[in-house]
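Novice: The structure follows.
The values are calculated or read from the model by the stated rules, or taken from the named source; none is laboratory data. What you see is a predicted model; the values in this text were computed from it and never measured. Ideal geometry is used to build each Cβ from the backbone, glycine not excepted, and the neighbour counts take in all protein chains shown.
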Amino acid sequence: MFLTAVTLYIMFDFSNPHWYYSLIAGVVLVVGTIIGYGVSERHVAKNGLPDLGPTATHEEEPLDQQQR
């Protein structure tokens, strides 16, 4: 909540002569976040969540403490 208030204050700081740059950047970031969320949500709905299991590609047994 606090960060939202600070962000809004920065975006609408009319004492800065170039306040509209902050406003435009904020709008672009919010729209980009919403679009990215929608794309990822559709991807997960279509393909499911990614497998985050072990990333080893071979079937070797791990080395013993003495072999390391």
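Novice: Checking residue 68 against (1) of a type in the set (Lys, Arg); (2) in a loop (DSSP other than H, G, I, E, B); (3) modelled with pLDDT of 80 or more, which test does it fail?
Specialist: (3)
Novice: Looking at 3, 29 in this structure, which one is surrounded by fewer than 11 Cβ atoms within 10 Å (Cβ to Cβ) and either touching a residue at least 60 places away in the same chain (Cβ under 8 Å) or not hydroxyl-bearing (Ser, Thr, Tyr) (or both)? Walk me through it before giving the result.
Specialist: Values: 29 fails: surrounded by fewer than 11 Cβ atoms within 10 Å (Cβ to Cβ).
Step by step, each of 3, 29 is checked, and only 3 is surrounded by fewer than 11 Cβ atoms within 10 Å (Cβ to Cβ) and either touching a residue at least 60 places away in the same chain (Cβ under 8 Å) or not hydroxyl-bearing (Ser, Thr, Tyr) (or both).
Novice: Could you grab me the full set of residues in the range 1-43 that are among the acidic types (Asp, Glu) and part of a helix (DSSP H, G or I)?
Specialist: Of the residues in the range 1-43, the ones among the acidic types (Asp, Glu) are 13, 41.
Scanning the range 1-43 gives a single hit, 41.
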